[in-house]
1. Has the stretch 85-100 got any residue that is at pLDDT below 95, in contact with a strand residue (DSSP E or B) (Cβ under 9 Å, 6 or more places away or on another chain) and on the phi > 0 side of the Ramachandran plot?
2. Has the stretch 159-169 got any residue that is touching a residue at least 12 places away in the same chain (Cβ under 8 Å), under 25 Å from residue 76 (Cα atoms) and under 16 Å from the mean Cα position of the chain (by Cα)?
3. Pick out, from the stretch 110-201, the strands (runs of 3 or more DSSP E) lying fully within it that include 3 or more residues that are more than 24 Å from residue 83 (Cβ to Cβ) and touching a helix residue (DSSP H, G or I) at 6+ places or on another chain (Cβ under 8 Å).
4. Go over the candidates 108, 189, 169, 142 one by one and state the one that is outside the structural domain of residue 76 (by TED's automatic domain parsing), surrounded by 15 or more Cβ atoms within 10 Å (Cβ to Cβ) and under 24 Å from residue 21 (Cα atoms).
5. Write out, first by first residue and then by second, each pair whose Cβ atoms fall under 8 Å of each other, whose residues are 6+ apart or on separate chains, and whose first residue, in the stretch 95-117, is within 20 Å of residue 186 (Cα to Cα) while the second is at pLDDT 90 or above and in a helix (DSSP H, G or I).
6. If residue 30 meets every condition in (1) under 16 Å from the mean Cα position of the chain (by Cα); (2) over 30 Å from residue 185 (Cα atoms); (3) buried (at least 16 other Cβ atoms within 10 Å of the Cβ) apart from one, which number is that one?
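The values are calculated or read from the model by the stated rules, or taken from the named source; none is laboratory data. Model, not experiment: these values are computed from the prediction. So basically every Cβ, Gly included, is an ideal-geometry build from the backbone, and we count neighbours across all protein chains shown.
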């Protein structure tokens with residue numbers, strides 16, 4: 001079940017809003033002139049874990065943003081002004097990221113995972129049959145960072161895979177991916193999300 005609520009408060013002549021959707025919580029400021037535009041410091045939490053932080057200017061992400069996984073473990077940093085990765089956790093050749101880098105979600109990898117798991121839950125037919133397993137969702141990403149195709153693994157259980165594929169079609173239109181770069185060229189890429197389904201006895 002997805003829950004939604006919003007709280008606003010006036011703070012230093014800006015309104016800070018907290019938006020709760022499923023397990024994701026946003027904290028941000030909005031423009032005084034147009035309260036539909038995020039403007040100022042922004043943080044996104046997965047439950048209690050900070051997974052994204054950076055700055056908005058009139059609704060646009062600017063400067064360097066930090067993206068983390070659970071436990072505040074750094075995933076990567078991205079410079080929106082330069083449209084470039086500047087740091088990947090565990091990367092061996094950080095200075096070459098503008099030329100060679102993997103395909104990544106432009107945000108914490110927990111965001112699309114949480115979106116799918118919140119919508120899918122445990123599929124009823126699979127639950128009734130006691131079916132467990134994993135589903136690999138593959139997204140084909142264009143050089144512009146958009147999804148152009150999606151499919152699941154050929155051996156994934158159908159009763160689990162079909163709901164995952166359906167949920168992925170509801171990703172927000174403004175979500176972007178960082179396409180793979182090779183020789184400083186953005187490539188059509190594949191991004192994989194693995195969803196585990198386990199029954200608790």
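1. Let us first name the residues in the stretch 85-100 that are at pLDDT below 95, namely 85-100.
With the extra rule that they be in contact with a strand residue (DSSP E or B) (Cβ under 9 Å, 6 or more places away or on another chain), the set shrinks to 85-89, 91, 94, 97-100.
Next cut, on the phi > 0 side of the Ramachandran plot only: none.
The answer is no, given that none of the residues of the stretch 85-100 is at pLDDT below 95, in contact with a strand residue (DSSP E or B) (Cβ under 9 Å, 6 or more places away or on another chain) and on the phi > 0 side of the Ramachandran plot.
2. yes
3. Numbers: elements: 133-141, 147-152, 189-197.
Correct list: 133-141, 147-152.
4. On the way: 189 fails: under 24 Å from residue 21 (Cα atoms); 169 fails: surrounded by 15 or more Cβ atoms within 10 Å (Cβ to Cβ); 142 fails: under 24 Å from residue 21 (Cα atoms).
Among 108, 189, 169, 142, only 108 is outside the structural domain of residue 76 (by TED's automatic domain parsing), surrounded by 15 or more Cβ atoms within 10 Å (Cβ to Cβ) and under 24 Å from residue 21 (Cα atoms).
5. Sorted first by the residue in the stretch 95-117, then by its partner, the pairs are 105/111; 105/112.
6. Among (1) under 16 Å from the mean Cα position of the chain (by Cα); (2) over 30 Å from residue 185 (Cα atoms); (3) buried (at least 16 other Cβ atoms within 10 Å of the Cβ), the lone unmet condition for residue 30 is (1).
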